[in-house]
Every structure is written in structure tokens, then in C-alpha cells.
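*Asks:* Pasting a structure here, questions to come.
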Amino acid sequence: MILETTYSDKKNKKRIDDLIGKPFTFLESFKLKGIGSKRMIIDEVSPNLKSYLNLVSDINYANIELRPNGILIAINKGLKNFTWAIPYYQFYLYKTNGISIHAQGRFIHFKNNKTHKENAAFFDKLVRLKVDYDHRFPHVDSI
């Protein structure tokens with residue numbers, strides 16, 4: 001689910017909280033040693049995400065926020081902000097010459113550069129939270 005979050009909207013906040021949980025408390029985020037990534041450069045996106053990026057040759061940036069049951073990817077397009085809410089059960093992470101996040105029939109690939117290396121500990125934390133979620137709510141495999 002992608003929402004425009006340029007301005008605060010109670011309906012959008014409730015939809016995000018219902019989908020991936022309320023934000024971590026200050027104490028929880030302190031224990032996790034932070035819940036947000038540094039700004040990363042978007043290298044490539046799926047065709048259905050292109051409308052949320054700058055059309056000119058500007059560099060597109062995004063960052064990730066952790067939530068108890070998923071993540072938020074904040075994308076900046078000029079003066080507008082868009083937030084992609086991804087529950088952990090729909091979330092897949094691939095480490096292919098950078099980081100690629102897939103969910104809901106979309107993907108976003110972050111460039112492998114200095115900011116990617118600075119976020120290495122963040123991505124380890126993200127994978128750990130996803131694994132913890134999968135242990136709490138195991139998927140049912142069909143035969």
C-alpha cells in the first residue's frame with residue numbers, strides 16, 4: 001500500500017498502524033539502537049513504482065523505518081512524500097549488487113555505494129526482525 005504522506009492525515013496514520021503496527025516506543029527503539037535507515041539512493045524500481053519518482057534525471061532517495069509487523073519505505077518526489085507500507089509476511093529482501101526489496105508485486109533496488117555500506121547494520125537488524133516475525137507467525141505450507 002502506497003500513500004501520499006506529505007501532510008499528516010489521521011486516516012493514513014490509522015491505515016499504516018493497522019497494517020504494520022504502531023511505531024516502536026522510545027525505549028524499544030533505543031534497545032534496537034535505532035529504527036530508521038540512513039538515506040539511500042534508489043537505483044531502479046518496478047514499472048508500477050516509477051510514477052512515485054522524479055521524472056527528470058535527479059537522484060531519487062528513500063529511507064526505511066522499522067515497525068513491529070513490517071517496514072515503511074519513505075520516497076521523496078520533489079516536495080511530495082510517499083510511503084510504501086510493507087507487512088513482513090509480504091516482504092522479501094535480496095542482496096544483489098546492493099539491496100532489493102520486493103513486495104506486493106513491486107520492487108525497489110538501492111544502489112551499492114557508501115550509504116549502502118553505512119546501512120549494513122540496519123539491514124542485519126531488519127533481517128533479524130523479519131525472522132523473529134516468521135517464527136511468531138509461521139507460514140502454512142501447502143502440499
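*Asks:* Counting other C-beta atoms within 10 Å, and keeping those with at most 12, which DSSP coil trypsin sites (Lys or Arg not before Pro) do you find in region 59-96?
*Replies:* Those that pass, being in a loop and sparsely packed, are Lys95.
*Asks:* Whole-Hz Karplus ³J(HN,Hα) for region 98-104, in order, using 6.51 cos²θ - 1.76 cosθ + 1.60 and θ = phi - 60°, x for Gly and Pro?
*Replies:* Per-residue couplings from phi come out as x, 10, 10, 10, 10, 5, 6 Hz.
*Asks:* How big is the dipole moment of region 74-122 about its Cα centre under a simple scheme where the beta carbon of each Lys and Arg is +1, that of each Asp and Glu is -1, and everything else is neutral? Debye, nearest 20, please. Let's see the in-between values first.
*Replies:* Values: 7 positive and 1 negative charges, 34 e Å.
My answer is approximately 160 debye.
*Asks:* Using only alpha carbon pairs under 8 Å that are at least six residues apart, calculate the relative contact order of the chain and give it in whole percent.
*Replies:* This gives 25 percent for the chain.
*Asks:* Based on the alpha carbon coordinates of region 13-55, what radius of gyration and maximum Cα-Cα distance (Dmax) apply, in Å?
*Replies:* Using the Cα atoms of region 13-55, the pair Rg, Dmax is 15.0, 40 Å.
*Asks:* Using a Gaussian network model on the chain with a 10 Å cutoff between Cα atoms, which of Glu44, Glu28, Glu118 fluctuates the most?
*Replies:* It is Glu28.
*Asks:* While we're looking at this one, here's another question. Mind giving me the FRET efficiency for Lys80 and His139? R0 is 25 Å, r the Cβ-Cβ distance, nearest 0.05 is fine.
*Replies:* Numbers: r = 35 Å, r/R0 = 1.41.
Efficiency at R0 = 25 Å is approximately 0.10.
*Asks:* Then there's this: Let me spell out the model: positive unit charges on the Cβ of Lys and Arg, negative unit charges on the Cβ of Asp and Glu, origin at the Cα centre of the chain. What dipole size does that give, in debye rounded to 20?
*Replies:* 320
*Asks:* Going by amide H atoms built from the backbone, whose H comes under 5 Å of the H on Ile99, apart from near neighbours?
*Replies:* Hits under the 5 Å cutoff: Phe110.
*Asks:* Continuing with the same structure: Per-residue HN-Hα couplings for region 111-120, Karplus 6.51 cos²θ - 1.76 cosθ + 1.60 at θ = phi - 60°, whole Hz, x for Gly and Pro?
*Replies:* Karplus values, whole Hz, x for Gly and Pro: 5, 8, 9, 4, 5, 5, 5, 5, 8, 4.
*Asks:* Sticking with this structure for a sec: How charged is the neighbourhood of Thr115? Take every other residue with its Cβ under 13 Å from the Cβ of Thr115, and add Lys/Arg as +1 and Asp/Glu as -1.
*Replies:* That sum, taken over residues with Cβ under 13 Å, equals +3.
*Asks:* FRET efficiency for Glu118 and Asn54, Cβ-Cβ distance as r, R0 = 22 Å, nearest 0.05?
*Replies:* 0.45
*Asks:* Kirkwood hydrodynamic radius (Cα pairs, Å) of region 30-100?
*Replies:* This gives a value of 13.4 Å.
*Asks:* Related question: Which residue, Pro87, Pro47, Pro68, has the most motion in a Gaussian network model of the chain that connects Cα atoms within less than 10 Å?
*Replies:* Sorting by GNM fluctuation, first place goes to Pro47.
*Asks:* Which entries in the list Lys38/Lys95; Lys14/Lys111; Lys77/Lys125; Lys95/Lys117; Lys80/Lys111 go over 24 Å, if you measure between the two C-alpha atoms of each?
*Replies:* Lys14/Lys111; Lys77/Lys125, as the Cα separations exceed 24 Å there.
*Asks:* Can you work out the Karplus-derived ³J(HN,Hα) for every residue in region 71-81? Use 6.51 cos²θ - 1.76 cosθ + 1.60 with θ = phi - 60°, whole Hz, and x for glycine or proline.
*Replies:* For region 71-81, the Karplus curve yields 10, 10, 10, 9, 10, 9, 10, x, 9, 9, 10 Hz.
*Asks:* Next question, about the same structure. Using the Kirkwood formula over every pair of different C-alpha atoms, what hydrodynamic radius in Å results for region 69-143?
*Replies:* 13.8
*Asks:* Quote to one decimal, in nm, the extra length available between Tyr94 and Tyr7 on full extension: 0.36 nm per residue of separation minus the C-alpha distance between them.
*Replies:* Gain on extension, Tyr94 to Tyr7, equals 28.2 nm.
*Asks:* Taking +1 at the Cβ of each Lys and Arg and -1 at the Cβ of each Asp and Glu, which of Phe137, Ile101, Ile64 sits farthest along the dipole of the chain towards its positive end, judged by Cα position relative to the Cα centre?
*Replies:* With unit charges placed on the Cβ atoms, the residue in question is Ile64.
None of the figures in this text is laboratory data; all of them are computed from the coordinates on show. For clarity, every value in this text was computed on a predicted model and none was experimentally measured. With ideal geometry, Cβ positions are generated from the backbone for all residues, glycine too; neighbour counts draw on all protein chains shown.
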